[in-house]
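Structure, as structure tokens:
The values are calculated or read from the model by the stated rules, or taken from the named source; none is laboratory data. The structure displayed is predicted, hence computed values, not measured ones. Using ideal geometry, Cβ is built from the backbone for each residue, glycine included, and neighbour counts are taken over all protein chains shown. Accessible surface is based on the protein model in full, side chains and every heavy atom, while ligands, DNA and RNA are left aside. Shrake-Rupley method; radii C 1.70, N 1.55, O 1.52, S 1.80 Å.
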Amino acid sequence: MADDIGEDLEYAIEKFGPVAEHAPMPATTLSRLEGRVPDTLVAWWRRYGQSSILNGEFQVVDPEAYRPLLEALFRGDPDFDASTTHVFAIGATGGLDCWSETWGDLSIGTFPNRLISEKFIHPETQRDDIDLGTVFSMADDSGADPYDDKGRDLLPKIRKLHGPLEFGQVYAPKLHPALGGPRTAENFRPASALEAISLIHQAEPVILTDASVFPPKDIRVIGQG
């Protein structure tokens, strides 16, 4: 079936759901990307379209809307190409979950801005599909959230102060910490996702990082062309 997302993902939805459906995935996106991204992702798009889970803190978005952002981030990069990389979801504070036709699943985190590409660092470990259930569990992991000056997770305080996100929003800083903004819940507010994420990445570069070691090892700056 075209919308068969599989038993493992059905179980993950039972655990992390429910799924809120917001809009169909545009037919132009489906026709352009079918066969270029994993079947699991296409099945999700066909069944749920642009949608959210975890109370709006994991949002499945139209990859075409985020292509200009990737073009800016990857401009001049020798290894990562926006034309073959597709943002399929965003996190509560602007993290991007992507599928690369070259490198498989990769993520671009925020606070700090880090690109994690398992296949680029360790080619032997990469799957040929996306385990969306695992992606959900990572989105539900506080280790991906911004932290305060004492290293404590800020997201629960941000959520309590501002309430749940609407689809198309992220929690974004009024003044980015890299520019002197305080690491407090009061410095964050709900904002339009695409614009906010673009500003987050203007504040500091994206660093390719090996997250398989502790502490994570920074390798090089992405893009800058």
> When all protein chains stay in place, what accessible area (Å², nearest 10, 1.4 Å probe) is found for Ser107?
Replying inline: 30
>> Just want the answer: with Cβ charges of +1 for Lys and Arg and -1 for Asp and Glu, which residue in Val221, Pro177, Val61 is farthest toward the dipole's positive end in the chain?
In response: Pro177
>> Report, in listed order, any pair from Lys119/Lys174; Lys119/Lys157; Lys15/Lys174; Lys119/Lys150; Lys15/Lys160 with a Cα-Cα distance greater than 30 Å.
In response: Lys119/Lys174; Lys119/Lys157; Lys15/Lys174; Lys119/Lys150
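Estimate the FRET efficiency between Glu204 and Glu124 by the formula 1/(1 + (r/R0)^6), using the beta-carbon distance for r and 35 Å for R0, to the nearest 0.05.
In this case the efficiency is close to 0.65.
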>> Need the full-extension length gain, Ala72 to Glu186, defined as separation in residues times 0.36 nm minus the C-alpha distance. One decimal, nm.
In response: 38.1 nm
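Would you mind calculating the gained length between Asp218 and Arg152 on full extension (0.36 nm times residue separation, minus the Cα-Cα distance), in nm to one decimal? Could the numbers behind the result be given before it?
On the way: separation 66, 0.36 × 66 = 23.76 nm, distance 2.20 nm.
This chain segment gains 21.6 nm when fully extended.
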> How long are the semi-axes of the ellipsoid equivalent to the stretch 1-127, from square roots of 5 times the Cα gyration tensor eigenvalues, in whole Å, largest first?
Replying inline: 23, 16, 16
> What Rg and what Dmax come out for the stretch 1-44 when only alpha-carbon atoms are used, in angstroms?
Replying inline: 11.7, 32
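Around Ala27, what is the net charge, scoring Lys/Arg as +1 and Asp/Glu as -1 over all other residues with Cβ under 13 Å from its Cβ? Spell out each step's value before the answer.
On the way: positive: Arg32, Arg46; negative: Glu34, Asp62, Glu64.
Taking every Cβ under 13 Å from that of Ala27, the sum is -1.
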> Can you tell which of Ile90, Val42, Phe120 lies farthest toward the positive end of the dipole of the chain, using +1 and -1 charges on the Cβ of basic and acidic side chains (Lys, Arg; Asp, Glu)?
Replying inline: Ile90
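Specify, per residue and in Å³, the volume enclosed by the convex hull of the alpha carbon atoms belonging to the stretch 85-128. Numbers along the way, then the final one.
Numbers: hull volume 3.0 nm³, N = 44.
Dividing the Cα hull volume of the stretch 85-128 by its residue count gives 68 Å³.
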> How big is the C-alpha Rg of the chain next to the rule-of-thumb value 2.2 N^0.38 Å, as a ratio?
Replying inline: 0.97
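Does the stretch 152-199 classify as rounded, prolate or oblate by the C-alpha gyration tensor (a ≥ b ≥ c root eigenvalues; a/c under 1.5 gives rounded; else a/b over b/c gives prolate, otherwise oblate)? Spell out each step's value before the answer.
Values: a/c = 2.35, a/b = 1.06, b/c = 2.21.
In terms of gyration-tensor shape, oblate.
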>> Which GluC sites (Glu not before Pro) in the stretch 129-225 sit in a loop by DSSP (not H, G, I, E or B) and have at most 15 other Cβ atoms within 10 Å of their own Cβ?
In response: Glu166
> Among Lys160, Lys174, what's the order by accessible area (1.4 angstrom probe), most exposed first?
Replying inline: Lys160, Lys174
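So if I place +1 on the C-beta of Lys and Arg and -1 on the C-beta of Asp and Glu, and nothing else carries charge, what would the dipole magnitude of the chain be about its Cα centre? I want it in debye, nearest 20.
Numbers: 20 positive and 36 negative charges, 197 e Å.
Value, rounded to 20: 940 debye.
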